[in-house]
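Here the structure comes first, spelled out in structure tokens, and everything after it is commentary.
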Amino acid sequence: MQLNEFLEQMNAQKMVVAGSEAHQCMCDLSQEALRITAEMNSTYHTPQKIVELMSELTGTQVDKSFSLFPPFYTDCGKNLHIGKNVFINSGCRFQDQGGITIGDGSLIGHNAVFATLNHDQNPSRRGNLHPAPIKLGRNVWIGANVTICPGVTIGDGAIVAAGAVVTKNVEANTVVAGIPAKKIKEIIE
């Protein structure tokens, strides 16, 4: 299976059957991502080199305004879309097969987890995977140790407080906190 076919299947949110051609493609992409992130995480790199490595990881040119403090982990990379002036702090783990889009000006705190896959609930099909994208709008702030679940969209200007588990969409210009995350206030400019 070619990369473009795999991404079409993921972005259409079609189930990946364990052992299928799409599943094998996913495993191959994981090996490439592990190689690139191992290089990224193994020694000091200049900010320019981090941009180069992220561009290789994603397969697209990441803007020179992007900033990341390693270590960083992903098991795909090819369905990760990063806007301008994005900062990702250390220890983040992205599972981007289902698609992760990070809007311009967004900040992501230490140890954030973005998960875009769920396993099938039926025990006899537990190896099958269900992709769903995560989308961050512009100027979103994700606190440390946040987990964002598959299919969540976070609106422009929103803040997700440290330690939150986001299971549902977050409105623009609001603050959410808790497990599961709930709206605690609106942001007034």
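Descriptive notes on the structure:
- DSSP assigns beta bridges within the chain; of those with both partners inside it, close to 20 percent run antiparallel.
- By average C-beta atoms within 10 angstrom, highest first, the peptides 80-89, 1-10: 80-89, 1-10
- Rounded to the nearest whole angstrom, the semi-axes of the ellipsoid equivalent to the range 96-171, taken from the Cα gyration tensor as √(5λ), stand at 24, 12, 10, largest first.
- Residue 68 long-range amide H proximity, modeled H, under 5 Å: 88
- From the C-alpha gyration tensor of the range 41-189, square roots of 5λ in Å: 23, 21, 13
- Computed from phi, the 3J(HN,Hα) profile of the range 91-97 under the Karplus parametrisation 6.51, -1.76, 1.60 (θ = phi - 60°) reads x, 6, 10, 10, 10, 9, 3 Hz, with x in place of Gly and Pro.
- At an R0 of 30 angstrom, the distance between the Cβ atoms of residue 11 and residue 44 translates into a FRET efficiency of 0.30.
- In this structure, the amide hydrogen of residue 184, modeled 1.01 Å from its nitrogen in the peptide plane, lies closer than 5 angstrom to those of 175, 176, 177, counting only residues at least 5 positions away or on a different chain.
- Stretch gain in nm, segment residue 187-residue 28, where the contour uses 0.36 nm per residue and the Cα spacing is subtracted: 53.0 nm
- Less than 5 angstrom separates the built amide H of residue 157 from those of 138, 139, 140, 173, all sequence-distant by 5 or more or on a different chain.
- Peptides 100-112, 42-54 ordered by average Cβ neighbours within 10 Å, highest first: 100-112, 42-54
- Cα gyration tensor, the range 15-86 - rounded (a/c under 1.5), prolate or oblate: prolate
- Carbon-plus-sulfur accessible fraction, the range 81-189 (probe radius 1.4 Å, protein heavy atoms only): 52%.
- Based on C-alpha pairs under 8 angstrom that are at least 6 apart in sequence, the chain has a relative contact order of 14 percent.
- Phi-based couplings in Hz for the range 42-51 (Karplus 6.51, -1.76, 1.60; Gly and Pro marked x): 8, 7, 5, 10, 5, x, 5, 5, 4, 4
- Across 14/84; 135/183; 135/185, pairs whose alpha-carbon gap is larger than 27 Å: 14/84
- Each residue of the range 149-154 is assigned a 3J(HN,Hα), and the resulting list reads 8, x, x, 8, 10, 10 Hz, derived from the Karplus form 6.51 cos²θ - 1.76 cosθ + 1.60 (θ = phi - 60°), x at Gly and Pro.
- Inter-part distance, the range 36-101 to the range 106-157, computed on C-alpha centroids, equals 16 Å.
- Surface/4 of the Cα convex hull for the range 8-57, nm²: 4.3 nm²
The values are calculated or read from the model by the stated rules, or taken from the named source; none is laboratory data. Here the structure is a predicted model, which means the values were calculated and not measured. No Cβ is skipped: glycine too gets one built from the backbone with ideal geometry, and neighbour counts run over all protein chains shown. Areas reflect the complete protein model, heavy atoms only, side chains present, ligands, DNA and RNA absent. Shrake-Rupley method; radii C 1.70, N 1.55, O 1.52, S 1.80 Å.
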